[in-house]
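> The structure that follows is given in the form of structure tokens.
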Amino acid sequence: MVHVKNFNIIKARTEEEKINIDKGIIKELVELIRIVDSDTVLLFTIDGQIDLSNQISKIVSEIGCLAHFVITKQDLPSFVEKLVNKEYKKAGRAEINYFLESINYSTQEVYNELNKLIDYTLDEPKITLQHIDDIVTKTLESNIFKMVDSIGKKEAHTALSILNTLINQKESELKILGMIIRQFRLLYLMKIIDERHKGMGEDEILRNLSLDGKKRFIIKNLRIQHQKFNRDEIIKNINLCLETDFSIKSGKLQDSKLALELLILNICK
């Protein structure tokens, strides 16, 4: 068996990217694949979508087979646990779920972030929540959730620390503010649903929140988080966010980072 890993020459690309591929190499590879001995198994693997129009993909499909393997959200916790155990480490279900929520259940990020986490913990046998906070690159959505969670606990210092992390990662202040507003709106809608429509199914909840089916885990998180605020507090916080948005865009507050810091401090009063 010959296993060629990360065989990205057959990966789906834009039309502009395809122009830069060496067609001579593709032609040579096609000829090599055609004359592979019958007692040899040639396996190409990539992480991502296959370009079915690629000549190599076509010849593989003609004399062999193409397969697309997808790890579902339900499979990811067990998959991560197996990868962790393979490195002779342990991680509890709470730590695994927290890790996956931090990367927004992205299958593409699992390997990269998990490898960083395993290298970071070195000889430590157990992966903790603190390890994940220390080294895993969280999605913007995950960081905003944690920031709002800190605001709900009146932990201004933690919320400001997350804000600085996002700004250091070159996230736009207005984008951060927009995500904070979105989070409070989701909390408000989730609170209304839980107060008035307790029997509503997950699919209908997702439609009401304008979220796609891959984000079911957010429902549980929103239910936990909205308990930290009453309805009037959520409305007040949305209005404070909108006032901050107006102040930045109108030029009343020209330092947008300072405007976000003042917003967090005002909400945490």
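The values are calculated or read from the model by the stated rules, or taken from the named source; none is laboratory data. Predicted model only: the values in this text are computed from it and were never measured. Every residue, glycine as well, gets a Cβ built from its backbone with ideal geometry; the counts of neighbours run over all protein chains shown. Protein only, heavy atoms only, side chains kept; ligands, DNA and RNA dropped before computing areas. Shrake-Rupley method; radii C 1.70, N 1.55, O 1.52, S 1.80 Å.
> Over the stretch 142-269, with the other protein chains present, what is the accessible area per residue in square angstrom, probe 1.4 angstrom? Could you put the intermediate results ahead of the total?
Values: 6920 Å² over 128 residues.
Using a 1.4 Å probe on heavy atoms only, each residue of the stretch 142-269 averages 54 Å².
> With unit charges on the beta carbons (Lys and Arg positive, Asp and Glu negative) and the dipole taken about the Cα centre of the chain, which residue among Ile25, Ile46, Phe99 sits farthest to the positive side?
Working it through, the farthest residue towards the positive pole turns out to be Phe99.
> For a 25 Å ceiling on Cα separation, which of these pairs sit above it: Lys116/Lys146; Lys170/Lys269; Lys11/Lys82; Lys170/Lys252; Lys89/Lys154?
Violating the 25 Å limit, Cα to Cα: Lys170/Lys269; Lys11/Lys82; Lys89/Lys154.
> Right, something else. Would you calculate the separation in nanometres between label points at Glu155 and Thr14, each defined as 7 Å from the Cα along the Cα-to-beta-carbon direction?
Output for this residue pair reads 4.0 nm.
> Another question, if that's okay. Asn112 versus Lys170, label points 7 Å from Cα toward the beta carbon: distance in nm?
1.3 nm
> Compute from the Cα atoms of the stretch 189-244 the Rg and the Dmax, the latter being the longest Cα-Cα distance, and quote both in angstrom.
12.3, 36
> Another question, then. How much length would be gained if the chain were fully extended between Ser38 and Ser61, taking 0.36 nm per residue of separation minus their Cα-Cα distance, in nm to one decimal?
Once the chain is fully extended between Ser38 and Ser61, it gains 6.7 nm.
> Go ahead and estimate [θ] at 222 nm for the chain from helices alone: -39,500 (n - 2.57) per DSSP H run with n ≥ 4, summed, over the residue count, rounded to 500.
-19000 deg cm²/dmol
> How many times 2.2 N^0.38 Å is the alpha carbon radius of gyration of the stretch 149-263?
Cα-based Rg divided by the globular estimate yields 1.14.
> Quick check: at a probe of 1.4 Å, how many percent of the accessible area of the stretch 1-154 sits on carbon and sulfur atoms?
Ligands and nucleic acids excluded, carbon and sulfur give 53 percent.
> Which aspartates and glutamates, on any chain, are close to Lys90 with Cα under 20 Å apart, when same-chain ones fewer than 8 places away are left out?
Result set, ordered by chain and number: Asp75, Glu81, Glu101, Glu109, Glu113, Asp119, Asp123, Glu124, Asp133, Asp134.
> How big is Rg to Rh over the stretch 64-106, alpha-carbon atoms, Rh as the Kirkwood inverse-mean-distance radius? Let's see the in-between values first.
Working: Rg = 12.5 Å, Rh = 11.5 Å.
Ratio of gyration radius to Kirkwood radius: 1.09.
> Using 7 Å Cα-to-Cβ label points, what is the Asp22/Leu83 separation (nm, one decimal)?
Once both label points are built, they end up 3.1 nm from each other.
> Let me ask something additional. Grab the Cα-Cα distance for Val4 and Leu258, subtract it from 0.36 nm times how many residues apart they are, and report the gain in nm with one decimal.
Taking 0.36 nm per residue and subtracting the Cα distance, the gain is 86.3 nm.
> If contacts are Cα pairs under 8 angstrom and at least 6 residues apart, what is the relative contact order of the chain in percent?
Details: 234 pairs, mean separation 37.3, N = 269.
The value is 14 percent.
> Another one. May I ask for the distance between the Cα centers of the stretch 152-178 and the stretch 1-22, given as a whole number of Å?
Here the two parts' Cα centres lie 38 Å apart.
> Let me ask another. Sort out for me the Cα centre separation of the stretch 199-238 from the stretch 245-269, rounded to whole Å.
If we compute the Cα centre of each part, the gap is 25 Å.
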